[in-house]
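Report on the following structure.
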Amino acid sequence: MLTLREAYQDYRRSREDELSPRSLVWYDQKVRVHLNHLLDTELDQITPRMCRDLHEGLSRSSGKSSANGVARVLKAILNDAGRTTDLPRNPVSRGIRMNKEAPAELKISIEDLPQVWADLYAISDQVKRTCWLTLMLTGLRSHDARSMRWENLDDDGVLHVPEPKGGRTKAFDLPLCTYLRAELDCLPRHS
């Protein structure tokens, strides 16, 4: 019977081309830090009660979101192993009731916009100001805006986002508005 360590190695190897490097680091951290004590356990020996105790303990010590993340990683590894190994029903699904996670309340009201724009243009660092402007005008995720490179912007003002959340297979092209392109043109090319 496969151990969790072996199952994770198989899972990771099969996902390396699909997941972004950041996602792989996140998975590795969850396994190394929170599932370390289970790595040499055979998969059919992982019980719903073990999963529940782990999730409840992590909810108290590391937070609800972190506990849910560890549970999702463990569930994914077990589901992947179940494709090729005869396993009982996934103990994560049976033993854990995921914590409710409230989405971040990050919104700007129409009334707030004049002050937001004033604050934006008060930022003296041109690169930082343009990054914030990019976030506001494109809806890109923070990491994608912060990792923009000149070689990913073509002459027509279309930005290629090579490694968004979800990895390279989710890469996409985003036409930028004329206003943002003009702001980007003011930046030094080495930024």
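The values are calculated or read from the model by the stated rules, or taken from the named source; none is laboratory data. Just so we're clear, the structure is a prediction, and the values are computed from it rather than from any experiment. Glycine gets a Cβ as well: all are built from the backbone with ideal geometry, and neighbour counts include every protein chain shown. Each accessible area value is taken on the protein alone, full model and side chains, heavy atoms only, with ligands, DNA and RNA left out. Shrake-Rupley method; radii C 1.70, N 1.55, O 1.52, S 1.80 Å.
Consider segment 98-118. How many of its residues are part of a helix (DSSP H, G or I) and either in contact (Cβ under 8 Å) with a residue 24 or more places away in the chain or over 18 Å from Tyr179 (Cβ atoms) (or both)? I'd like the intermediate steps shown before the answer.
Just the residues of segment 98-118 that are part of a helix (DSSP H, G or I), to begin with: 113-118.
Filter once more, so that each one left must be either in contact (Cβ under 8 Å) with a residue 24 or more places away in the chain or over 18 Å from Tyr179 (Cβ atoms) (or both): 115.
Summing the residues that are part of a helix (DSSP H, G or I) and either in contact (Cβ under 8 Å) with a residue 24 or more places away in the chain or over 18 Å from Tyr179 (Cβ atoms) (or both) in segment 98-118 gives 1.
Of the numbered conditions (1) in a helix (DSSP H, G or I); (2) open to solvent by 30 Å² or more (accessible area, probe 1.4 Å), Thr84 fails exactly one; give the number of that condition.
(1)
Going through Pro164, Pro188 one at a time, which residue ends up being open to solvent by 40 Å² or more (accessible area, probe 1.4 Å), under 18 Å from Trp132 (Cα atoms) and at pLDDT below 95? Reasoning before the result, please.
Details: Pro164 fails: open to solvent by 40 Å² or more (accessible area, probe 1.4 Å).
That would be Pro188, the only listed residue that is open to solvent by 40 Å² or more (accessible area, probe 1.4 Å), under 18 Å from Trp132 (Cα atoms) and at pLDDT below 95.
Which residues, counting only those in segment 148-165, are under 16 Å from Arg189 (Cβ atoms) and of a type outside the set (Asp, Glu)?
Filtering segment 148-165 for residues under 16 Å from Arg189 (Cβ atoms) gives 148-155, 157, 159.
Correct list: Met148, Arg149, Trp150, Asn152, Leu153, Gly157, Leu159.
Please work out which residue is surrounded by the fewest Cβ atoms within 10 Å (Cβ to Cβ), limiting yourself to segment 167-179 and to residues that are within 26 Å of the chain's Cα centre (by Cα) and within 15 Å of Leu135 (Cα to Cα). Write out each step before concluding.
So the first thing to find is which residues in segment 167-179 are within 26 Å of the chain's Cα centre (by Cα), and the list is 167-176.
Add one more test, that the residue is within 15 Å of Leu135 (Cα to Cα), and what stays is 174-176.
Details: Leu174: 16, Pro175: 11, Leu176: 19.
Filtering segment 167-179 for residues that are within 26 Å of the chain's Cα centre (by Cα) and within 15 Å of Leu135 (Cα to Cα), the one surrounded by the fewest Cβ atoms within 10 Å (Cβ to Cβ) comes out as Pro175.
If you check Ser65 against the conditions, is it open to solvent by 30 Å² or more (accessible area, probe 1.4 Å) and either at pLDDT below 95 or under 25 Å from Ser147 (Cβ atoms) (or both)?
Numbers: open to solvent by 30 Å² or more (accessible area, probe 1.4 Å): yes; either at pLDDT below 95 or under 25 Å from Ser147 (Cβ atoms) (or both): yes.
Spelling it out, Ser65 is indeed open to solvent by 30 Å² or more (accessible area, probe 1.4 Å) and either at pLDDT below 95 or under 25 Å from Ser147 (Cβ atoms) (or both).
Restricting to segment 131-157, and then to whatever is under 29 Å from Arg15 (Cα atoms) and either out of contact with any helix residue (DSSP H, G or I) (no Cβ under 9 Å at 6 or more places or on another chain) or aromatic (Phe, Trp, Tyr) (or both), can you tell me which residue is surrounded by the fewest Cβ atoms within 10 Å (Cβ to Cβ)?
Ranking the qualifying residues of segment 131-157, first place goes to Glu151.
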